[in-house]
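Asker: Before anything else, here's the structure in question.
Please treat every number below as a calculation from the coordinates, not as lab data. All values derive from a computational prediction rather than experimental measurement. Please note: Cβ atoms are built from the backbone with ideal geometry, for glycine as well, and neighbour counts cover all protein chains shown.
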Amino acid sequence: MTQQSAELVRQQYEAARAQADARQITDEDIERARARIGVEVPHLRPDWHVCNLDALYHYCQGLGDDNPLYWNEEYARKTRWGGLIAPPLFQRGMGVSRVKEIDPEVRARGEHALSGVHNWYSGDNIEFFQPIRVGDQITIKSYLKEVVVKKSEFAGRTVHRISRSERANQLGHLVSYADTLNITGGRERTTGERTKYADLEPAFYTPEQIQEIAAQYRQEVKNRRGATPRYWEDTQEGDEVTPILKGPLTVSDIIAWNYGDGLTMIPGAHRIAYLAYLRHPNGFPINQAGIPDVAERVHWEEEMAHRTGNPAPYDYGAQRNAWMAQLVTDWMGDDAWMRHLAVQFRRFNYIGDIQWLKGKVVKKYTQEQEYRVDLDLWAEDQRGRQTTIGQATVMLPSKVAGPVKLPTITPDWW
């Protein structure tokens, strides 16, 4: 390609990019989004219709969780669960709704709300009631709960949408319910418009530092509580949750997560992708070759990350949420149960970054004959920035009251 033709291609891209990224939130967008509050959303093609060993194994590989409770059948049979159970956040990829379509009139009121405006998955507040086991099928009820308009230092006018998802297994037992926060805001209208993270230095590691990181991971295997029960009586307020490490984040980590999580945000390849593009063109911003591609490439492609005002690609929110759950499950052991997890993402985690996941016990108590502890959780990067905060409630086995007893609840919509 000659210098002249390369410059022409660059100009064509810049013009097309500017046209697509000029899309900002309008009053009509907000009105249309609010028209969807309370409307049940159809879910017909989940990542996993049925929980199976292969899905669990690949999910754990993508998450970086080597707890055999989730993928080693021989080990799991000897635990209190009597077989494999799924990691807590695996439930996110399961669920078929009873509702198959939205009423056309209702759909029209909310159609195209916020389409083509960038979205960031920003946190979850989840209650867990029953494990997902091999062979389980999940029914989901999902709807928008709340729409709030806010002002962001980074993205300007934003819309915060909180969606509720309730999941029950084939027995009609409630598995979980989750309130998920998504923050929607426009991309950069001109290159370099956002400067909040412009001075952030990319990470680099010496061979000696890489060896230290590898040694930390080796130690984590020994630290995982696993089959040794953590009893409520032996746990005290102020106890440290044994830290775990995630990173340095690579594009390979992103690929592994996408593979294990079921390619949740990628509609498919080639013909399937282009048919999706024809249905939702605003969801496929063009790349530097003029090709429409998924907006989710912010997680592996610098060009798209820059268009959102970030200096580099960054992790998936669901990925970091699952890391925070692993921090808790590694600490609590196989005999315990994570009853509640709430996580908020405060800063981006870029390619090359390290996340130290940490926590402490802040409360020890009994409630409804459950022996509980509350945890404060957080994550820090190699710069010392707190990128994530959270809370968890764990039900522990008791030397007096015995094993953890899970609630059996049938939702009112079953």
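Asker: Can you give the FRET efficiency for residue 50 and residue 385, using 1/(1 + (r/R0)^6), R0 = 35 Å, r = Cβ-Cβ distance, to the nearest 0.05?
Answerer: With R0 = 35 Å, the Cβ-Cβ based efficiency is 0.30.
Asker: Among 388, 139, 26, which one shows the highest mean-square fluctuation when the chain is modelled as a Gaussian network with alpha-carbon springs under 10 Å?
Answerer: 26
Asker: Here's another thing I want to ask about it. What GluC sites (Glu not before Pro) does segment 219-271 have in DSSP loop regions with at most 13 other beta carbons within 10 Å?
Answerer: In loop regions of segment 219-271 (DSSP not H, G, I, E or B), the sparsely surrounded GluC sites (Glu not before Pro) are 237.
Asker: What relative contact order, as a whole-number percentage, does segment 204-348 give when Cα pairs under 8 Å and 6 or more residues apart are counted? Each step should come with its number before you reach the end.
Answerer: On the way: 106 pairs, mean separation 46.4, N = 145.
It rounds to 32 percent for segment 204-348.
Asker: Quote to one decimal, in nm, the extra length available between residue 401 and residue 376 on full extension: 0.36 nm per residue of separation minus the C-alpha distance between them.
Answerer: On the way: separation 25, 0.36 × 25 = 9.00 nm, distance 2.53 nm.
Between residue 401 and residue 376, full extension yields an extra 6.5 nm.
Asker: Placing unit charges on C-beta atoms (Lys and Arg positive, Asp and Glu negative, everything else neutral), compute the dipole magnitude of segment 23-395 about its Cα centre in debye, rounded to 20.
Answerer: On the way: 47 positive and 52 negative charges, 166 e Å.
Dipole magnitude for segment 23-395 comes out near 800 debye.
Asker: Can you give me the angle between helix 3-21 and the longest principal axis of the chain, using Cα atoms only, in degrees from 0 to 90, rounded to the nearest 10?
Answerer: Relative to the chain, helix 3-21 is tipped by roughly 60 degrees.
Asker: Oh, and also: Testing the spin-label approximation: label points 7 Å from Cα along Cα→Cβ at residue 41 and residue 242. State their distance in nm.
Answerer: Computed distance between label sites residue 41 and residue 242 equals 3.7 nm.
Asker: Pairs of lysine in segment 23-395 with Cα under 27 Å and at least 8 positions apart or on different chains: total?
Answerer: Close lysine pairs found across segment 23-395: 15.
Asker: Pick from 176, 142, 152 the residue whose mean-square fluctuation is largest in a GNM of the chain, springs joining Cα atoms under 10 Å.
Answerer: Per the Cα network of the chain with a 10 Å cutoff, 152 tops the list.
Asker: Using a simple spin-label model with points 7 Å from Cα along the Cα→Cβ vector, what separation in nm is obtained for residue 80 and residue 57?
Answerer: Each label point is offset 7 Å from its Cα along the Cβ direction, giving 2.8 nm.
Asker: Stretch residue 365-residue 27 to full length: gain in nm at 0.36 nm per residue minus the Cα-Cα span?
Answerer: So the chain would gain 117.0 nm between residue 365 and residue 27.
Asker: Working out 0.36 nm times the residue gap between residue 346 and residue 150, then minus their Cα-Cα distance, what length gain in nm do you get to one decimal?
Answerer: Stretched fully, the residue 346-residue 150 segment lengthens by 69.0 nm.
Asker: Hey, what did segment 23-395 get for relative contact order, percent, Cα under 8 Å, at least 6 apart? Spell out each step's value before the answer.
Answerer: On the way: 767 pairs, mean separation 70.2, N = 373.
Result for segment 23-395 is 19 percent.
Asker: Ratio of segment 99-169's C-alpha Rg to 2.2 N^0.38 Å, to two decimals?
Answerer: Cα Rg divided by the expected 2.2 N^0.38 Å: 1.45.
Asker: Can you give the FRET efficiency for residue 222 and residue 291, using 1/(1 + (r/R0)^6), R0 = 60 Å, r = Cβ-Cβ distance, to the nearest 0.05?
Answerer: Calculated value: 0.80.
Asker: Using +1 at the Cβ of each Lys and Arg and -1 at the Cβ of each Asp and Glu in the chain, identify which of 186, 44, 391 lies farthest towards the dipole's positive end.
Answerer: Final value for the positive-end residue is 44.
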